[in-house]
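First up is the structure itself, then whatever we jot down about it.
The values are calculated or read from the model by the stated rules, or taken from the named source; none is laboratory data. All of these numbers come straight from a predicted model, not from anything done at the bench. Note: ideal-geometry Cβ built from the backbone for every residue, glycine included; neighbour counts use all protein chains shown. Quick note on the areas: whole protein, heavy atoms, side chains included, nothing else; ligands and nucleic acids left out. Shrake-Rupley method; radii C 1.70, N 1.55, O 1.52, S 1.80 Å.
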Amino acid sequence: VQLQASGGGSVQPGGSLRLSCAPSTGIFWFNVMGWYRQAPGKQRELVATITDNENINYAYSVRGRFTISRDYAKNTIDLQMNSLKSEDTAIYYCNVRRSGFDYWGQGTLVTVSS
């Protein structure tokens, strides 16, 4: 399984970005899909996940600002990020899981700075 992430970039505080992750297989194939991030000097952390039965989980720091969704027509896992803060600066990684196996995308950089 290959994952292609896109949508990263630079934005000012308070701005918005939308990340998309396109798996090489159908998204219906996965049990859990999500986004993680790793800031400089920090460990990778969970941002948001969505399961095959639509259970959604967000990190406390992004609740109310980020929205994870699946687009079956486009076959993507998307992360809408609003009201971005400087502390959201990180490399964002797409992750999918099936039968206990994890697959990771290459990461896309998000920089929030004035």
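How many of the residues making up the range 64-112 are assigned to a loop (DSSP other than H, G, I, E, B) and open to solvent by less than 70 Å² (accessible area, probe 1.4 Å)?
9
Screening the candidates SER86, SER16 for the property of being at pLDDT 95 or above and under 15 Å from the mean Cα position of the chain (by Cα) yields one hit, SER16.
So that you can scan it fast, the table gives a plain yes or no per residue for (1) under 14 Å from VAL110 (Cβ atoms); (2) in contact with a strand residue (DSSP E or B) (Cβ under 7 Å, 6 or more places away or on another chain):
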residue: GLY8; (1), (2): yes, yes
residue: CYS21; (1), (2): yes, yes
residue: PHE28; (1), (2): no, no
residue: ASP52; (1), (2): no, no
residue: ILE56; (1), (2): no, yes
residue: ALA90; (1), (2): yes, yes
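Note on the range 35-47: residues that are in a strand (DSSP E or B), of a type in the set (A, V, I, L, M) and surrounded by fewer than 23 Cβ atoms within 10 Å (Cβ to Cβ) total 1.
Does VAL32 qualify as being in contact (Cβ under 8 Å) with a residue 12 or more places away in the chain, surrounded by 12 or more Cβ atoms within 10 Å (Cβ to Cβ), under 14 Å from VAL110 (Cα atoms) and of a type in the set (Val, Ile, Thr)? For VAL32, the condition - in contact (Cβ under 8 Å) with a residue 12 or more places away in the chain, surrounded by 12 or more Cβ atoms within 10 Å (Cβ to Cβ), under 14 Å from VAL110 (Cα atoms) and of a type in the set (Val, Ile, Thr) - is not met.
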